[in-house]
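Worksheet: one structure, shown below.
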Amino acid sequence: MGAGQCSSHSSPMSHGSHIPLSHFPLSHHSGHSLLELLVVLAVLGVLAGIGFAGAQGIRGWLARGETRALFLELQTACRLYRHEQGGWPPALLGGELALNGDGPDWRAALAPYLERPVIGCELADGFGNTRLFLLVDHDDDHWIGAAEFRALAPEARPERLWERVAVYSLDADGRLAAASWQ
C-alpha cells in the first residue's frame, strides 16, 4: 500500500460514509420524572428533619450536663469552704442569694474553691439563664424549708429539701429552669 491509500480493514467513516442514527437506540427516558425528583426531595427532607431533631436533643443534653456541673461545683465549693473555715461564707448566711445580683459578695470567699473564674464574670447555667440562686442550710439541721426559696413561685418550691446547699436557676419568665435537687 502506498501513501494515501487505506487498508481494506478501514472503518466506514474513512470513506466519507456515515452510520445512521437508528444504530444508536435512544432511551425513552432521557431525564428524571417530576415524581422521582419529588421522592428524592422528600427523602432528603426527612433525613434533614431527623438530623435537626437529633442536634436539638444533643444541645439539650449538653446544656443539662453543663448546668449540673456548675451547680455541683458551687455546692462543692460551699462545702469545702465550710469544712476549712468552720462555717458557711458570710455572704450566704442571709438566706437565698442571687449569684449575679447586687447582694453580698460571695465570689471572693468561694473563688479559691472553684475551677471556673467567678470574679468579674457573670455566671450562667447551660441554657444561658443568668438568674441563679444559692441557699445553704444555715441552721445545720440538713433541711432547707420552702419559705427560704423566695425567688421561686410558691407552686414550684420544694416542700422541704434535705440538702446542705441548693442551687437553682430561673428562665427569663421566672420559671424554674434547673435545680440541683432534680
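The values are calculated or read from the model by the stated rules, or taken from the named source; none is laboratory data. Since the model is a prediction, treat every value here as computed from it, not as a measurement. Note that each Cβ is placed from the backbone with ideal geometry, even for glycine, and that neighbours are counted across all protein chains shown.
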- Task: Sort out which residues of the range 147-173 are farther than 20 Å from Leu70 by Cβ and in a loop (DSSP other than H, G, I, E, B), and write them in order of number.
- Result: Arg150, Ala153, Arg157, Glu159, Asp173
- Task: Specify which of the listed residues (Asp125, Asp139) is of a type in the set (D, E, K, R) and without any contact (Cβ under 8 Å) to a residue 12 or more places away in the chain.
- Result: Asp139
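Conditions (1) part of a loop (DSSP other than H, G, I, E, B); (2) among the aliphatic types (A, V, I, L, M); (3) surrounded by 14 or more Cβ atoms within 10 Å (Cβ to Cβ), marked per residue:
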| residue | (1), (2), (3) |
| --- | --- |
| Ala42 | no, yes, no |
| Gly51 | no, no, no |
| Gly60 | no, no, no |
| Arg64 | no, no, yes |
| Gln75 | no, no, yes |
| Arg82 | no, no, yes |
| Asp105 | yes, no, no |
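Any idea which of Leu21, Leu47, Leu34, Leu92 is among the aliphatic types (A, V, I, L, M) and at pLDDT 85 or above?
None of the other options fit; the residue is Leu92.
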- Item | Of the criteria (1) closer than 30 Å to Trp61 by Cβ; (2) out of contact with any helix residue (DSSP H, G or I) (no Cβ under 6 Å at 6 or more places or on another chain); (3) free of Cβ contacts under 8 Å to residues at least 12 places away in the same chain, which one Glu163 fails | (3)
- Task: From the list Val118, Val136, pick out the single residue that is in contact with a Cys (Cβ under 7 Å, 6 or more places away or on another chain) and either surrounded by 11 or more Cβ atoms within 10 Å (Cβ to Cβ) or within 20 Å of Leu70 (Cβ to Cβ) (or both).
- Result: Val136
